[in-house]
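Worksheet: one structure, shown below.
The values are calculated or read from the model by the stated rules, or taken from the named source; none is laboratory data. Note that the structure is a prediction, hence the values are computed from the model and not measured. FYI the Cβ positions are ideal-geometry reconstructions off the backbone, even for glycines, and counts take in every protein chain you see. With ligands, DNA and RNA removed, areas are computed over all heavy atoms of the protein, side chains included. Shrake-Rupley method; radii C 1.70, N 1.55, O 1.52, S 1.80 Å.
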Amino acid sequence: MGLSLLASRALRLSRIPSRATQIFLRPIVSTRDLNTPEPATSAAPPPPPPPHRHPVGGARVHFPTPDDAIEVFVDGFAVKIPKGFTVLQACEVAGVDIPRFCYHDRLSIAGNCRMCLVEVEKSPKPVASCAMPALPGMKIKTDTPIAKKAREGVMEFLLMNHPLDCPICDQGGECDLQDQSMAFGSDRGRFTEMKRSVVDKNLGPLVKTVMTRCIQCTRCVRFASEIAGVQDLGMLGRGSGEEIGTYVEKLMTSELSGNVIDICPVGALTSKPFAFKARNWELKGTETIDVTDAVGSNIRIDSRGPEVMRVLPRLNEDINEEWISDKTRFFYDGLKRQRLNDPMIRGPDGRFKTVSWRDALAIVAEVVNQVKPEEIVGVAGKLSDAESMIVLKDFLNKMGSNNIWCEGNGPNPNADLRSGYIMNTSISGLEQADAFLLVGTQPRVEAAMVNARIRKTVRATHAKVGYIGPPTDFNYDHQNLGTSPQTLVEIAEGRHPFSATLANAKNPVIILGAGIFERMDKDAIFTVVNAIAKKHNVVRPDWNGLNTLLINAAQAAALDLGLVPESDRSIESAKFIYLMGADDVSLEKLPNDAFVVYQGHHGDRSVYRANVILPASAFTEKEGTYANTEGCAQTTLPAVPIVGDARDDWKIIRALSEVAGIQLPYDSLGGIRSRIRTVAPNLLEIDERVPATFSNSLRPESSQKIKPEPFGVTVENFYMTDAITRASKIMAQCSALLKK
């Protein structure tokens with residue numbers, strides 16, 4: 001007890017400062033320090049330079065002339081931009097990502113969402129950066145309390161009437177409104193009244209609408225009128241009753257309508273076939289290309305397990321920019337319908353029975369060895385890749401036959417001059433043209449992305465468009481000059497008014513349709529077109545405006561590889577015909593006793609005439625090389641596993657050659673591409689457009705006479721052009737609406 005009392009007293013005493021401890025310490029300075037004068041106040045070290053910033057998304061800034069550059073300051077960082085840039089674009093060059101809803105790089109400026117507010121020095125209030133042009137010396141502040149509070153206010157108004165649909169919204173996980181509300185939203189709202197609701201609109205079988213989620217950014221309206229060229233969407237009402245809709249109850253009829261799904265920043269416009277199927281974080285993305293037409297649009301295939309769930313566009317400024325057609329976006333459900341899974345042989349009763357690969361190849365090899373070489377024919381389909389076509393060509397050549405061609409190239413194509421069957425101007429080069437002459441082609445259904453590029457040029461430069469062909473629907477101003485090739489003769493002789501338009505044009509462009517390849521007078525037509533090109537300076541050292549617009553993904557590579565038949569009547573005398581995915585070739589004149597081998601991935605038209613079926617992989621399941629209509633080689637990558645017991649096309653033919661006793665000298669993609677290098681080295685320049693070496697003017701003049709038959713329609717149904725799209729339920733719905 002006494003010890004504890006003493007301890008407590010000692011503790012209290014230790015807390016009281018004693019006077020003995022309050023000693024002022026004085027520093028001791030040596031004599032040397034006293035003799036040394038005190039240095040003057042040293043200058044502060046220079047501030048470190050601001051860190052180097054990269055433009056948002058790795059964008060590159062092009063200065064037409066050095067004098068056009070101006071300097072602005074973004075958050076104290078000096079950046080040089082071309083004249084005419086907006087404040088938002090200046091911030092992106094400086095590496096600052098400004099939030100936005102209504103602004104889009106490829107659409108006109110609306111400035112109605114107010115989410116992109118920034119503070120500009122000497123401005124009394126925040127300004128909308130998307131609509132404010134940048135001026136020399138302007139000082140922009142993007143992260144100040146004023147700008148942040150302004151964006152928070154805008155976000156509160158946007159969320160005021162927005163429903164709490166995130167758990168059931170297909171846009172969840174990739175929604176701009178979700179992302180911006182995380183940065184500028186509040187954890188609770190002050191709005192206590194009833195939220196408004198809007199009736200959903202029916203835009204067709206592709207686009208699902210939940211218009212209560214709409215924030216009136218008008219992106220879809222501007223896309224429809226500016227890019228797609230249809231006046232189907234508009235803004236109705238005013239104030240709180242404002243909503244997006246159609247002027248009358250009608251569907252959205254554009255071939256590019258699916259792109260409004262991508263540009264919609266919220267869940268108001270989503271994919272109807274993809275509704276409630278998967279979340280975006282469950283999907284595996286594979287970057288590949290589209291083969292439903294000859295454009296070669298860059299796409300990303302999102303898959304889950306063995307199934308393709310959706311198709312999205314990839315950015316490629318030279319080909320498809322950031323748009324894709326509805327056929328490219330929604331054909332994917334055809335990949336799981338009417339598929340060929342196992343090798344089959346037609347029995348004596350006419351029914352197919354499943355056999356092993358060994359038995360199927362043995363029967364084909366036995367038949368092909370009993371047929372004369374001149375009676376062997378091979379046809380490559382629209383979706384064939386370059387590797388499988390060169391393997392098929394080598395196999396038939398070793399069998400002694402040279403009768404092989406590709407669908408769409410006609411019975412007797414001319415593959416001598418590469419400039420005669422590709423788009424020499426390039427797809428992006430069409431923007432430099434100021435006059436177009438379309439001959440026998442309807443680009444809106446044959447190549448929707450090429451048509452979108454032509455429309456973009458017509459809107460920007462008011463280029464003149466002349467069209468020769470059957471009546472069709474264009475989404476830009478044009479003149480219908482006639483329907484037959486006789487109009488070409490009048491233009492060549494200077495008797496047609498449009499010849500003056502070509503003569504006055506600085507960069508004229510002539511586009512021939514691939515349907516001309518099927519005409520008997522195609523050489524005469526090319527001769528007349530070459531005369532027009534020579535007379536109006538269409539082809540010069542700095543400009544080549546003479547183009548051919550192909551319609552199939554395999555056409556350009558087939559002509560590069562020399563898939564040209566010896567005889568244009570080889571089918572009539574064929575005893576053995578090998579169809580590699582060829583479903584649109586006419587077999588009416590094929591002898592009844594001919595042996596037909598069909599190698600493909602879908603049970604389409606040619607299956608009904610086949611004796612042996614060999615299942616192959618689709619383009620989403622294999623690696624292959626394709627050349628688009630401008631001659632740019634691109635590759636597909638496997639996104640999903642192969643279906644059933646199918647195999648890649650080139651592997652099937654390689655195995656067949658071994659069974660037939662004429663083994664081909666390669667057994668890998670690398671070996672095949674080494675073989676391609678000796679025939680068409682341009683096909684190995686991946687993602688690079690190799691221009692034609694010789695001009696089409698070197699083509700010898702034909703003595704043929706032009707026939708009076710008018711040009712026909714090459715693509716009758718935009719939504720059903722190949723085996724995959726014909727198996728698609730979504731494309732069937734679109735086709736039914738098209739025919740109404």
**Q.** Residues being within 11 Å of Cys116 (Cα to Cα) and open to solvent by 50 Å² or more (accessible area, probe 1.4 Å) - total across region 137-151
**A.** 1
Q) If the Cβ limit is 8 Å and pairs must be 6+ apart or interchain, which residue in region 77-97 that is within 13 Å of Lys139 (Cβ to Cβ) pairs with which residue that is open to solvent by less than 40 Å² (accessible area, probe 1.4 Å) and of a type in the set (S, T, N, Q)? A) Val87/Ser129; Cys91/Ser129; Cys91/Thr142
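Mind counting the residues in region 345-360 that are outside any strand (DSSP E or B) and hydrophobic (A, V, I, L, M, F, W, C)? Reasoning before the result, please.
So the first thing to find is which residues in region 345-360 are outside any strand (DSSP E or B), and the list is 347-351, 355-360.
Next cut, hydrophobic (A, V, I, L, M, F, W, C) only: 355, 357, 360.
Residues flagged as outside any strand (DSSP E or B) and hydrophobic (A, V, I, L, M, F, W, C) within region 345-360 amount to 3.
Taking the condition touching a His at 6+ places or on another chain (Cβ under 7 Å) and either without any contact (Cβ under 8 Å) to a residue 40 or more places away in the chain or not assigned by TED's automatic domain parsing to the domain that holds Val529 (or both), does Ile730 pass? I'd like the intermediate steps shown before the answer.
Values: touching a His at 6+ places or on another chain (Cβ under 7 Å): no; either without any contact (Cβ under 8 Å) to a residue 40 or more places away in the chain or not assigned by TED's automatic domain parsing to the domain that holds Val529 (or both): yes.
So Ile730 fails the test.
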Q: Say whether the condition of being over 30 Å from Met194 (Cβ atoms) and of a type in the set (Lys, Arg) is met by at least one residue in region 209-222.
A: yes
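Every residue in region 596-624 that is in a strand (DSSP E or B) and either surrounded by fewer than 21 Cβ atoms within 10 Å (Cβ to Cβ) or of a type in the set (A, V, I, L, M) (or both), please. Lay out the reasoning, then the answer.
Filtering region 596-624 for residues in a strand (DSSP E or B) gives 596-600, 602, 612-616, 624.
Of everything in region 596-624, those that are in a strand (DSSP E or B) and either surrounded by fewer than 21 Cβ atoms within 10 Å (Cβ to Cβ) or of a type in the set (A, V, I, L, M) (or both) turn out to be Val596, Val597, Val612, Ile613, Leu614, Ala616.
Return the residue satisfying two criteria in turn: it lies in region 289-298 and is part of a loop (DSSP other than H, G, I, E, B) and of a type in the set (S, T, N, Q), and of such residues it is surrounded by the fewest Cβ atoms within 10 Å (Cβ to Cβ).
Start the filter on region 289-298 by keeping residues that are part of a loop (DSSP other than H, G, I, E, B), which leaves 290-297.
Narrowing the set further to residues that are of a type in the set (S, T, N, Q) leaves 292, 297.
Details: Thr292: 23, Ser297: 26.
Here the answer is Thr292.
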Q: All but one of (1) in contact (Cβ under 8 Å) with a residue 40 or more places away in the chain; (2) over 30 Å from Asp290 (Cβ atoms) hold for Glu572, so report the exception by its number.
A: (1)
Q: Would you check if there is a residue in region 504-516 being in a helix (DSSP H, G or I), of a type in the set (Val, Ile, Thr) and either open to solvent by less than 10 Å² (accessible area, probe 1.4 Å) or in the same structural domain as Asp560 (by TED's automatic domain parsing) (or both)?
A: yes
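Looking at region 91-111, can you tell me whether even one residue there is more than 30 Å from the chain's Cα centre (by Cα), modelled with pLDDT of 90 or more and not acidic (Asp, Glu)?
no
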Q.
Here are the criteria: (1) modelled with pLDDT of 90 or more; (2) exposed (fewer than 15 other Cβ atoms within 10 Å of the Cβ); (3) in a loop (DSSP other than H, G, I, E, B). Tell me which single one Cys130 does not satisfy.
A. (2)
(Q) I'd like to know if region 251-265 contains one or more residues that are under 24 Å from Asn475 (Cα atoms), charged (D, E, K, R), open to solvent by 20 Å² or more (accessible area, probe 1.4 Å) and in contact (Cβ under 8 Å) with a residue 60 or more places away in the chain. (A) yes
Q.
Given the criteria aromatic (Phe, Trp, Tyr), touching a residue at least 60 places away in the same chain (Cβ under 8 Å) and either in contact with a Lys or Arg (Cβ under 7 Å, 6 or more places away or on another chain) or open to solvent by 40 Å² or more (accessible area, probe 1.4 Å) (or both), does Phe694 qualify?
A. yes
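Out of all the residues in region 324-344, which are touching a Gly at 6+ places or on another chain (Cβ under 9 Å) and not in a helix (DSSP H, G or I)? Steps first, answer last, please.
Quick first cut of region 324-344, residues touching a Gly at 6+ places or on another chain (Cβ under 9 Å) only: 324-326, 328-330, 338-342.
Correct list: Ile324, Ser325, Gln338, Arg339, Leu340, Asn341, Asp342.
Quick check, is Gly239 open to solvent by less than 20 Å² (accessible area, probe 1.4 Å) and out of contact with any Pro (no Cβ under 7 Å at 6 or more places or on another chain)? Spell out the reasoning first.
Details: open to solvent by less than 20 Å² (accessible area, probe 1.4 Å): no; out of contact with any Pro (no Cβ under 7 Å at 6 or more places or on another chain): yes.
Taking the combined requirement at face value, the residue does not satisfy it.
Conditions tested, residue by residue: (1) among the basic types (Lys, Arg); (2) more than 23 Å from Ile672 (Cβ to Cβ); (3) assigned by TED's automatic domain parsing to the domain that holds Pro541.
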{"position": "Ala362", "(1), (2), (3)": "no, yes, no"}
{"position": "Val371", "(1), (2), (3)": "no, yes, no"}
{"position": "Met399", "(1), (2), (3)": "no, no, no"}
{"position": "Ile422", "(1), (2), (3)": "no, no, yes"}
{"position": "Ser426", "(1), (2), (3)": "no, yes, yes"}
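Can you tell me which residue among Glu658, Glu716, Glu709, Glu688 is within 20 Å of Met580 (Cβ to Cβ), surrounded by fewer than 18 Cβ atoms within 10 Å (Cβ to Cβ) and of a type in the set (Asp, Glu)?
Values: Glu716 fails: within 20 Å of Met580 (Cβ to Cβ); Glu709 fails: within 20 Å of Met580 (Cβ to Cβ); Glu688 fails: within 20 Å of Met580 (Cβ to Cβ).
Exactly one of Glu658, Glu716, Glu709, Glu688 is within 20 Å of Met580 (Cβ to Cβ), surrounded by fewer than 18 Cβ atoms within 10 Å (Cβ to Cβ) and of a type in the set (Asp, Glu), namely Glu658.
Just need a number here: residues in region 535-592 that are small (Gly, Ala, Ser), surrounded by fewer than 22 Cβ atoms within 10 Å (Cβ to Cβ) and more than 32 Å from the chain's Cα centre (by Cα).
Here is the first cut: in region 535-592, the residues small (Gly, Ala, Ser) are 545, 553-554, 556-558, 562, 567, 570, 573-574, 581-582, 586.
Right, trim to surrounded by fewer than 22 Cβ atoms within 10 Å (Cβ to Cβ) and you get 562, 567, 573, 586.
Narrowing further to those that are more than 32 Å from the chain's Cα centre (by Cα): 567, 573.
Matching residues across region 535-592 total 2.
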Q) Taking region 242-262, which residues are under 17 Å from Cys217 (Cβ atoms) and either touching a Leu at 6+ places or on another chain (Cβ under 8 Å) or small (Gly, Ala, Ser) (or both)? A) Glu242, Glu243, Ile244, Gly245, Val260, Ile261, Asp262
(Q) Please count how many residues of region 229-246 are among the polar types (S, T, N, Q) and in contact with a Lys or Arg (Cβ under 9 Å, 6 or more places away or on another chain). (A) 2
Q: Being assigned to a loop (DSSP other than H, G, I, E, B) and in contact with a Pro (Cβ under 8 Å, 6 or more places away or on another chain) is the filter; apply it to region 107-127 and report the residue that is surrounded by the fewest Cβ atoms within 10 Å (Cβ to Cβ).
A: Met115
Q.
For a quick check of your reading of the model, give me the residue pairs whose first member lies in region 182-196 and is outside the structural domain of Met115 (by TED's automatic domain parsing), whose second is assigned to a loop (DSSP other than H, G, I, E, B) and modelled with pLDDT of 90 or more, with beta-carbon atoms closer than 9 Å and at least 6 apart or on different chains.
A. Ala183/Pro99; Phe184/Pro99; Phe184/Met115; Phe191/Asn161; Lys195/Asn161; Lys195/His162; Lys195/Pro163; Arg196/Asn161
Q) Among the numbered criteria (1) open to solvent by 70 Å² or more (accessible area, probe 1.4 Å); (2) among the charged types (D, E, K, R); (3) not in a helix (DSSP H, G or I), which single criterion is violated by Asp179? A) (3)
